[in-house]
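K.L.:
Submitted below is the structure of interest, expressed as structure tokens.
Readers should treat all values here as calculations from the given coordinates under stated rules, not as data from a laboratory. Fair warning: this is a prediction, and the values are worked out from it, not measured in the lab. Reconstructed Cβ throughout: ideal geometry from the backbone, glycine too, with neighbour counts over all protein chains shown.
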Amino acid sequence: MGAAGLEIRYRRLLRWYPAGHRALHQEEMLGVLMAGAGPGRNRPGPAESADLLLGAARIRLRPGRALSDGPGWRDALAVYSIAAPLLVLASTLISLIGWLAVGGSARTGLDELSVMPALVVSGHLAGTTPAWVAIGGQGLVACALTAVAYRTWRRSRSAAGGSDQSPT
Amino acid sequence: MNIRQMQEPSFFILTALAAGPQHGYGIMTDVAQVSDGRVKLRAGTLYAALDRLSTDGLVEADREEIVDARLRRYYRLTPAGHSRLAAETARLRANAAVAASRLRLAGS
């Protein structure tokens, strides 16, 4: 599961790259990422994730490059620039909590939530979502991530304290 | 092509490729080695730099291989990339020479 899970998570991050770049470089980048990942690693580190998102932003912002097919990419980029640091912060917090708690089970919920900003932004790119929905969506995701983090922390703390109230 | 100062990742990528074509992971390990571990390129930085460098015509794809079911694309320096790296090297050398002579003046 480790390597396959890691690859899925890298693919998820690579979705932030422009379609043209992905068509040409996605498999190649995946090869580099997997070669660079140490044995036993099952998720990208926060610094590596941030670097991938920054790389995607830099490539999209390149002068003369078509940023997207649809209108409204400026709004989407604005949203993206808010969402990326939030997600990185959230994933760092969750990793920290996971580390403080028992381990694997402390990460439930994050993977599903981390896809949401991509969906909202791509919806906006497709012209189906107004900017305020996209921005509101980012806020909701940030709140949800915080809630998941808090719940996980509570659960792991009560489990560690011996008074286990939440069966899993 | 604009002649603004070259970013350090770009400088080291061109330096890595000056010795011959290399694939992405090869560039990463080579850059870490020639910079004494000081410059550690991550994949996002590497591919953003390669995107810029190939847009500027300084590097180009050389060939592709499949190793362990993974695609490896090799990159090489173009003639323009070669002269750009030479120009950047001359610029850095001139800067260093000025600084060194001033330090000698101050030290004597």
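K.L.:
Give the order of A:Arg62, B:Arg38, B:Arg91 when sorted by the count of other beta carbons within 10 angstrom, beginning with the fewest.
P.N.:
B:Arg38, B:Arg91, A:Arg62
K.L.:
Now for a different question. Under a 10 Å cutoff between Cα atoms, tell me which one of B:Ala69, B:Ala19, B:Ala94 has the largest fluctuation in the Gaussian network model of chain B.
P.N.:
Residue with maximal mean-square fluctuation among B:Ala69, B:Ala19, B:Ala94: B:Ala69.
K.L.:
Exposure proxy check: B:Asp51, B:Asp56, B:Asp30 ranked by fewest other beta carbons within 10 Å?
P.N.:
Ordered by Cβ neighbours within 10 Å, fewest first: B:Asp56, B:Asp30, B:Asp51.
K.L.:
Let me ask something else. Give me the distance in nm between label points sitting 7 Å out from Cα along the Cα-to-Cβ direction at A:Leu96 and B:Ala99, one decimal.
P.N.:
3.6 nm
K.L.:
Determine the gain in length on full extension of the stretch B:His82-B:Ala32; use 0.36 nm per residue of separation and subtract their C-alpha separation, reporting nm with one decimal.
P.N.:
Fully extending the segment from B:His82 to B:Ala32 adds 15.9 nm.
K.L.:
How far is it, in nm, from the label point at A:Arg58 to the one at A:Cys143 when both lie 7 Å from their Cα along the line to the Cβ?
P.N.:
Inter-label distance under the simple model: 3.6 nm.
K.L.:
Considering Cα pairs under 8 angstrom that are at least six residues apart, work out the relative contact order of chain B and quote it in whole percent. If you can, show how the numbers build up before the last one.
P.N.:
Details: 103 pairs, mean separation 29.4, N = 108.
Relative contact order, chain B: 27 percent.
K.L.:
Between region B:34-108 and region A:1-63, what's the alpha-carbon centroid distance in Å?
P.N.:
Computed from Cα coordinates, the inter-centre distance equals 22 Å.
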